[in-house]
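Shown next, in structure tokens, is the structure this report addresses.
The values are calculated or read from the model by the stated rules, or taken from the named source; none is laboratory data. A quick note: this is a predicted structure, and the numbers were derived from the prediction, not measured. Cβ placement follows ideal geometry from the backbone for every residue including glycine, while neighbour counts extend to all protein chains displayed. The accessibility values were calculated without ligands, DNA or RNA, using every heavy atom of the protein model including side chains. Shrake-Rupley method; radii C 1.70, N 1.55, O 1.52, S 1.80 Å.
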Amino acid sequence: PTIEVDDGQEVVVSYETVFAHKIAGLIEEVLVGSDGEADDEGLSSSTQFVLVPALEDATAKWVYPQPPLQDRLSRGKLLDIPGADGIEFGSSGLHTLEKLGSKKGESGGRRVHCLPNPCTFQVNELVFGVTSTDVLFQMSVDETNANLPTGSRLRHIAQHLVQQQSYYPLYPPNKAVNLDLKHQEGWKMPCRPDVLFLPSKLSPFCAPVLETTMVVNPGHLTKGTTGGTYSVMEIRPMERESLDAADSVRLPHNPQDRMQLEIRRI
């Protein structure tokens, strides 16, 4: 790949450098604000980012489960090319994002989170599950079914993941997946997630599964040379009355009743 430097010359660089300028650079703009300066605490908003690698990423390890994105060098080295000032190689810019995304170096204030693929994480009372591997498409190729209600096939495929508590309930694996059996604990679900993101080339959809999990296929941002789809989710907080009336420490939070999700096309 190539990028254009100050004098208009195109320089051949690594995929890590492209990631640092095209992805990490955009996130950095949000973290420090459009004016290029941060506020008194080094923050410009409360937005947080969760970065999950994919098997198709040129900057990530091609094995499932995947470790989080990380810099090959803790500090990238600068290119010794005229006009290419500030362009590093061996770094994806992640160390810069982690520094900008923390409140004066405190790890508790980090706003950029690099997680493995697959991963399970919690935001307040909600549990999210994510795998960027297209397990829906791969299972649809190998699954045979009949007499299913109209429009329920994709939901039926996604149900296997929740029932088996596995992000990849397919063996032998698809030829596009380099499955590491020594780390099979890495694709197990520790619990049933409230929201399960399964991006796939199949038709985007969102549907409840087993009355506990909302499965979302936001699609991909691009389809060939055209724009794709993405999802926007809004989750309302629990009502104060229900919290005050609770007579137990544990109570159902019913995320599906508080959730509004929209699939948008680019």
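Miscellaneous remarks
- Checking residue 242 against (1) surrounded by 15 or more Cβ atoms within 10 Å (Cβ to Cβ); (2) outside any loop (DSSP other than H, G, I, E, B), the condition it does not meet: (1)
- The single condition among (1) out of contact with any strand residue (DSSP E or B) (no Cβ under 6 Å at 6 or more places or on another chain); (2) under 15 Å from residue 124 (Cα atoms); (3) open to solvent by less than 90 Å² (accessible area, probe 1.4 Å); (4) at pLDDT 85 or above that residue 220 does not satisfy is (2).
- The number of residues in region 223-239 that are open to solvent by less than 40 Å² (accessible area, probe 1.4 Å) and assigned to a strand (DSSP E or B) comes to 3.
- Of the residues making up region 157-190, those that are modelled with pLDDT of 90 or more and of a type in the set (Gly, Ala, Ser) are 158, 166, 186.
- Single match in 188, 175 (criterion: surrounded by fewer than 20 Cβ atoms within 10 Å (Cβ to Cβ) and over 21 Å from the mean Cα position of the chain (by Cα)): 175
- For region 245-266, the set of residues classified as of a type outside the set (Asp, Glu), at pLDDT 85 or above and outside any loop (DSSP other than H, G, I, E, B) consists of 258, 259, 260, 261, 263, 264, 265, listed by residue number.
- Those residues of region 131-150 which are assigned to a helix (DSSP H, G or I) and among the charged types (D, E, K, R), in sequence order: 142
- Which numbered condition residue 36 fails, given (1) open to solvent by 50 Å² or more (accessible area, probe 1.4 Å); (2) at pLDDT 65 or above; (3) on the phi > 0 side of the Ramachandran plot: (2)
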